[in-house]
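Remarks on the structure that follows.
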Amino acid sequence: MKVLSGRMPCNTPNGSWLGMVKLTERVRNIEYAIRDVVVHAKRLEKAGRKVIYLNIGDPVKYDFPTPQHIKGALIEAVKGDFNWYAPSEGLPELREAVCEKEKKYNRVDLSPEDVIVTHGVSEGIQMVMAALVEPGAEVLVPGPSYPPYPAFIKFFGGKPVAYRTVEEAGWQPDVEDMASKVTAKTCGIVVVNPNNPCGALYEEQTIKDIVDLAAQHGLPVFSDEIYDRIVYGRKFTSTSAVAGETPVIGLNGFSKTYLMTGWRLGYVYIHDPEGKLGDLKQNIEKEARIRLSANTPMQKAAVAALRGPQDHIPEMVEKLRARRDYVWRRFNEMKGLSCAKPEGAFYVFPKIEDVSRWGSDRDFALSLLDETGVLLVHGSGFDTVYGFSHFRMVFLPPLETLEEALDRLEKFMAKN
Ligand SMILES: Cc1ncc(COP(=O)(O)O)c(C=O)c1O
């Protein structure tokens, strides 16, 4: 076989493999603790054990089905032949509906051209980081952090730098620590509010302080607000609502509030009243063009979600509040654990008082899984420093399931 210069042959003329294809470091280095732990759980299930999955933040897998009127709108869209490629930036009516929603609930002024519809916030993170992270650039991320932020920053050759969030203050960001970590290489600050994995809801003053810091250094804020309407008391403040002329790249979507996780739809918007971000928007639109468009029928359904009845949201929040209260009380009564009270989203991030008994928080999670069949995610999967000695649990399941899981955990804690 003729070998093209500089290229290793992967197979021979008779089709047998000579060697492995060479994979990029980029993909080799991807880690995602939330889904990686599932491998161990599947092994147990294969051996006939029942596993209680408390690792993934998908409300639709529990007793929070997608509302009927949203499902109906999807069916109508498909039947009505809205099955073509949509404009790459999103259907105009959806971009308008997003502006109405952001104005009504979050006090954010946008025009439809500021909004780009994506396949979930996940694709939004990818597009934004692809546009702004040069190799070697640093991005400040919360410690602990929702893993796709550090993962995509690394994917594009950048360096995530975790800023401290303070457990004793309900996991509020430590803005002084954040300030001390700004360098000449910093290209933005990620804020996740309400927060995954900690359930924190950031105080308005803290957000203003972050915005001031960003303004001082000429940095944009990336503000993930996917849990904006899942809060348990205090009011949610959108970063863009208090940003003034500081640029904010907002990320939001339909997975959580509108219970459309599997439908993969979200949006990115650019709040930049003084045009400080130059042609970032046009360049994110170029990225949107090379993947053609987001799902068209889903976008029609998303318009119905935003403009239709909203009753399922307070109902969901009330159900979740009871689960949050239950879980939080049980954790604080349990030997060897303590827990800050989540004020938003549907996660708790308790502290394991003496994790050295197991080795690490990962060893803790794996032995808990082995002994009890309860699957949690180890805290260091969210940040090796700020997440260490913790674990994340979702409080999405019905109370009976939570009770069963926590009884097993309590026995495990008492025994070990
Ligand atoms: C903070 C945060 N952002 C984004 C996502 C993913 O959103 P989407 O389903 O829109 O991709 C999640 C999902 O857990 C999340 O917790």
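The values are calculated or read from the model by the stated rules, or taken from the named source; none is laboratory data. Bear in mind the structure is a predicted one, so any value in this text is a computation, not a measurement. When the accessible area is computed, the model is the full protein with side chains, heavy atoms only, and any ligands, DNA or RNA have been set aside. Shrake-Rupley method; radii C 1.70, N 1.55, O 1.52, S 1.80 Å.
What percent do you get for the relative contact order of the range 85-160 when only Cα pairs under 8 Å and 6+ apart count?
Relative contact order, the range 85-160: 24 percent.
With the full set of protein chains in place, find how many percent of the accessible area of the chain is carbon and sulfur; take the probe as 1.4 Å.
The C+S portion of the solvent-accessible surface of the chain is 54 percent.
Rg and Dmax of the range 335-416, Cα atoms, in Å?
Cα only, the range 335-416: 12.0, 34 Å (Rg, Dmax).
Pull out a ≥ b ≥ c, the square roots of the eigenvalues of the alpha-carbon gyration tensor of the range 21-147, then state rounded if a/c is under 1.5, prolate if not and a/b is larger than b/c, and oblate in the remaining case.
Cα axes put the range 21-147 in the oblate bin.
Over all directions, average the projected area of the Cα convex hull of the chain and note it in nm².
On the way: hull surface 95.9 nm².
Directional mean of the projected Cα hull area for the chain stands at 24.0 nm².
When ligands, DNA and RNA are left out and all protein chains stay put, how many square angstrom of accessible area per residue does the range 68-307 have with a 1.4 Å probe? Let's see the in-between values first.
Numbers: 8890 Å² over 240 residues.
Using a 1.4 Å probe on heavy atoms only, each residue of the range 68-307 averages 37 Å².
Cα atoms only: what Rg and Dmax, in Å, come out for the range 212-311?
Values for the range 212-311 (Cα only, Rg and Dmax): 15.4, 43 Å.
For a test of the definition: using alpha carbon positions, the gyration tensor, and the 1.5 limit on a/c, classify the range 148-225 as rounded, prolate or oblate.
oblate
Over the Cα atoms of the range 68-307, what radius of gyration and what Dmax do you get, in Å?
Calculated on Cα positions, Rg and Dmax stand at 17.3, 56 Å.
Ratio to report: Rg/Rh of the range 95-179, with Cα atoms as the point set and Rh obtained by the Kirkwood method; give two decimals.
Ratio of gyration radius to Kirkwood radius: 1.05.
Any of K256/K300; K104/K319; K235/K319; K104/K256 with alpha carbons more than 21 Å apart? Name them for me. Walk me through the numbers before you get to the answer.
Working: K256/K300 18 Å; K104/K319 24 Å; K235/K319 18 Å; K104/K256 18 Å.
Violating the 21 Å Cα-Cα cut-off are K104/K319.
With a Cα-only, solvent-free Debye model of the range 268-416, what are the log10 I(q)/I(0) values at q = 0.10, 0.15, 0.20 Å⁻¹?
Calculated log10 I(q)/I(0) at the listed q: -0.57, -0.86, -1.12.
Where both residues lie in the chain, what percent of DSSP beta bridges are antiparallel, nearest 5? Write out the running numbers ahead of the final one.
Working: 21 of 40 bridges.
Here the share of antiparallel DSSP bridges comes out near 50 percent.
Explain nothing, just the number: relative contact order of the range 68-307, from Cα pairs under 8 Å at least 6 residues apart, as a whole percent.
Averaging sequence separation for qualifying contacts and normalising by length gives 29 percent for the range 68-307.
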